[in-house]
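The values are calculated or read from the model by the stated rules, or taken from the named source; none is laboratory data. Computed from a predicted model, the values in this text were never measured in an experiment. Here the Cβ positions follow ideal geometry from the backbone for every residue, glycine too, while neighbour counts run over all protein chains shown.
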Amino acid sequence: MIANADALLKPLTIKGLTIRNRVMSTSHAPSYGKDGKPQERYQLYHEEKAKGGIGLTMFGGSSSVSVDSPAAPWNQISVADDSVVPFFREFSGRIHRHGAKLMIQLTHMGRRTKWDTEHWLPVKSPSVTREPASRAMAKALEQEEIDRIVADFAAAAKRCQEGGLDGCEISAAHGHLVDQFWSPHSNKRSDKYGGSLDNRMRFGIEVLTAMRAAVGDDFVIGIRMSGDEMLKGGLSHEDCVAIAADYAGRGLVDFLNIMGGQARDHIAHAVSLPNMSFPVAPFLALPSAIKREVDVPIFHAQRVTDLATGARAVAEGHVDMIAMTRAHIADPHLVKKLSEGRADDIRQCVGAGYCIDRIYVGGDALCIQNAATGREATMPHVIKKAAATKTAVVIGGGVGGLEAARVLAERGHQVTLFEKSDRLGGQVNLASKATWREALSGIPRWLTGQVQKLGVDIRLNTEANEAEIAALAPDIVIVATGGLPQKGEASGFDHAVTTWDVLEGRSEPSGSVLLYDEIGGHNAASTAEHLAKKGCLVEIVTHDRMIGEEIGPTNQPVHLRELYKLGVLMTPNAELIEIYPEGNRLIAALRNTMTDAEEERVVDSVVVDYGTQPVDGLHFKLKDKAKNKGLTDLKALIDGRPQPFETNGAAPRGEGRAGGYTLYRIGDAVAGRNIHAAIYDALRLCKDL
């Protein structure tokens, strides 16, 4: 049992609103909006948390109140006109049916958005400034525009009330318009809105006063704000405490949602959305300090990934409500599992940041390890039993194979899992060896615990062959044998070692190392850090425009920060074309991909990352004996329907009918991709087998 769990399960009452427990999900921007509205996908995503026992779920991070604060960049919600109200009513009804409460975040983003989307209007801010993250030059607001935006906030709050929401918060965090006025870093005005802190607080006071006038005294209104911008020339901790105390003392807010940092540039963004390189709850001291100065409930979110940490924060009085937003992306049923005494079944967030990283490169929020999140219309969080029990064999104990075994066992099938090594986890075991990415080990750890509980027959140190598989007389065979590293096609590639060789200890480079990265993911950057920490002089070279080009914005800045700290030389726009020995050293020849100019490096070792080649030999040995010839019906897979051979038990006319099993291949055994792809392959296939 989790210590202090009772503290999390106590209700919290704010005005007349009683929230059933102290666990919440903060407003965020999963990019599930459609036409500026929270439609079915958005609602189902939050409904799953309500089913899972959450007390309060907040949606619509950065929901726009004005036409010059576009919702388009992240498919977000527009609350700028009445057309959103029916969607709010449908949404609130859906959440309330399960006993949870629902709120939204309202904002004007000011300069923290794009001008070249939606209505093509210039971004607005207190002063003519530029935010490095959004890259937009702002127009200074005039008084008439300020008055109009204040009225827009009030009208948006009224729409939330009419839509049956339980409350709302305004965003004064991450560099939105309200905190752009607060911060001397972005507010250079000399009128009544600039200069002293009292003046800089004026716009926010006007906004909250107008909102309260629009909705009356009973509707819950809060504010999300930083407890310390951690920015030279920005808001200090003392400034933030003063603002919080002033707004709460005026009765303008019913709760304060406190975070740390800001998001004006890439590294600040990564710090404000801390990944696995940070300790858990790294900024808990900030809400704790503010709680001592105010009489309203305090909410907090930032890398609270486990219930034990959340329970301690509430039990010790640091906060009144703990937000576990990314933790609910990993497992929306975590509160239900806690209350049922099944804490061991909670799929814990590892802090990979995959969910957020996808949003900021134009994708939708997806969990690295839970492929059902955000796909609730087609993918189950709770696996249903199959109509009949079958015998299944899974070959390969990486995360794809483990997820396949878990889902098949949840379906009620008898499952045997073959793994040729002495441990489960596959490539994730390798990735977790690299510096600050150890927390990835939590993914196979949870999956292993689940398959063991479900009674899967796990055969380690066993490389499956045709005879062993045939002896089990399976109905279903899943090939999840993963991939092995390639060395590329540069002349003399045999002189190189791979990132796998380094992380697994088969090669221990010393001296000067050239690390060539053709993939742009975490592997090479992590290995470069690993080598530099061992004392190597490292140059990382990539074909791409920058190091780690495929890594998202909550992770790439951390990699770059560490590489700079360690003195790693970073060379983009270069291709490795040849490696050859010269004495007891190696010559690595590079070609500039923009100019074709060639140059050489004299090094002690060359390490390469060219991705993986599928381990598919067994699949092709089994293919001709399978009823489906080893092919997955892609249309059925995409539509979420059972595979044809699983429903009729026979091959279509003209196909081979030999063998008693169907054969499927998933994950890197098909093509090198990532953790999420392997797990999604397994879930969407096996949920219907």
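Determine if segment 129-143 includes at least one residue that is on the phi > 0 side of the Ramachandran plot, in contact (Cβ under 8 Å) with a residue 40 or more places away in the chain, surrounded by fewer than 20 Cβ atoms within 10 Å (Cβ to Cβ) and over 24 Å from the mean Cα position of the chain (by Cα). No, that holds for no residue.
Yes/no per residue for (1) crowded, with 16+ Cβ neighbours inside 10 Å; (2) under 16 Å from G175 (Cα atoms):
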position: D82; (1), (2): no, no
position: H96; (1), (2): no, no
position: G99; (1), (2): no, no
position: M103; (1), (2): yes, no
position: L106; (1), (2): yes, yes
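Total residues in segment 518-538 satisfying the condition of being in a helix (DSSP H, G or I), free of Cβ contacts under 8 Å to residues at least 40 places away in the same chain and closer than 18 Å to A496 by Cβ: the figure is 1. Restricting to segment 257-296, name every residue that is small (G, A, S) and under 16 Å from the mean Cα position of the chain (by Cα). Correct list: A270, S272, S277. Looking only at segment 327-343, residues that are buried (at least 24 other Cβ atoms within 10 Å of the Cβ), touching a Gly at 6+ places or on another chain (Cβ under 7 Å) and not in a helix (DSSP H, G or I) come to 1 in all. Looking across segment 1-56, just one residue is out of contact with any strand residue (DSSP E or B) (no Cβ under 9 Å at 6 or more places or on another chain) and among the β-branched types (V, I, T), and that is I2. Confirm whether S83 is touching a Ser or Thr at 6+ places or on another chain (Cβ under 6 Å) and either of a type in the set (G, A, S) or over 30 Å from E340 (Cβ atoms) (or both). No; evaluated as a whole, the condition is false for this residue.
Looking only at residues in segment 635-679 that are among the hydrophobic types (A, V, I, L, M, F, W, C) and at pLDDT below 95, the one that is surrounded by the most Cβ atoms within 10 Å (Cβ to Cβ) is F645.
Name the pairs whose Cβ atoms lie under 8 Å apart, with the first residue in segment 187-202 and over 20 Å from E131 (Cα atoms), the second of a type in the set (S, T, Y) and part of a helix (DSSP H, G or I), and 6 or more positions between them or separate chains? So the pair list comes out as M201/Y247.
Scanning segment 605-642 for residues that are assigned to a loop (DSSP other than H, G, I, E, B), at negative phi and among the small types (G, A, S) turns up just one, A626.
The residues of segment 539-577 that are part of a helix (DSSP H, G or I) and crowded, with 16+ Cβ neighbours inside 10 Å, listed by number, are Q556, P557, V558, H559, L560, E562, L563.
Could you identify the single residue in V294, V280 that is without any contact (Cβ under 8 Å) to a residue 40 or more places away in the chain and part of a loop (DSSP other than H, G, I, E, B)?
After applying the criteria, what remains is V280.
Across segment 315-326, not a single residue is classified as in contact with a Lys or Arg (Cβ under 6 Å, 6 or more places away or on another chain), farther than 18 Å from G55 by Cα and either part of a helix (DSSP H, G or I) or not aliphatic (A, V, I, L, M) (or both). The condition (being over 25 Å from I395 (Cβ atoms), at pLDDT 95 or above, part of a helix (DSSP H, G or I) and not hydrophobic (A, V, I, L, M, F, W, C)) is satisfied by just one residue among D494, D501: D494.
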